[in-house]
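Bear in mind these aren't lab numbers, they're just calculated from the coordinates by the rules spelled out. Keep in mind the model is a prediction, meaning the values are calculated, not measured. Glycine also receives a Cβ, built like all others from the backbone with ideal geometry; neighbour counts cover every protein chain displayed.
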Amino acid sequence: MTATQTLYISIALFCTISSGCSKQKAELAPETTLDPQQIVQNCFDKARRKEGQYFANVYKIVETKGGIPALIAVLDSTNQQDAVHAHGILCRLSVSLSDSRQLAPNLPKDSAYWNTWWKQKGSKMSRQTMWSNFDSYWK
């Protein structure tokens, strides 16, 4: 293990146990064997159980190939709590707060809108831009 890897693991462990590090992104064990829908579901399950950090869970969805389309699919879920949660995340990923404080909450909740958004805009956005948009709501 290199010194850099050791440092990243130390930071991740510190952020996991520290209450003051709510925006940590580090993950010790990426869920590479799970499909995107399962990763989204795992993140929502952790949120319900109040496990892990909210930002780390959303970051995992953003960083997972197919994560955003899987998040869009949750909008059609029979679990209304998950559908509302998915809509909130999508709104924050798609629009920076610096662009408009009023735009994000007024975006449609239906998956057809978000599938179109993904095909026309979202899939062309960098993960960094999406994360920056999301993060702008808490700065």
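To two decimal places, what compactness ratio does the range 34-138 give when its Cα radius of gyration is scaled by 2.2 N^0.38 Å?
Values: Rg = 12.6 Å, N = 105, 2.2 N^0.38 = 12.9 Å.
Rounded to two decimals, the normalised Rg is 0.98.
Listed cross-link partners Lys46/Lys119; Lys60/Lys121; Lys65/Lys124 are compared with a 18 Å cut-off, the Cα-Cα value being larger for Lys46/Lys119; Lys60/Lys121. Between Tyr113 and Asp35, the distance separating the two model label sites (each 7 Å from Cα on the Cα→Cβ line) works out to 2.8 nm.
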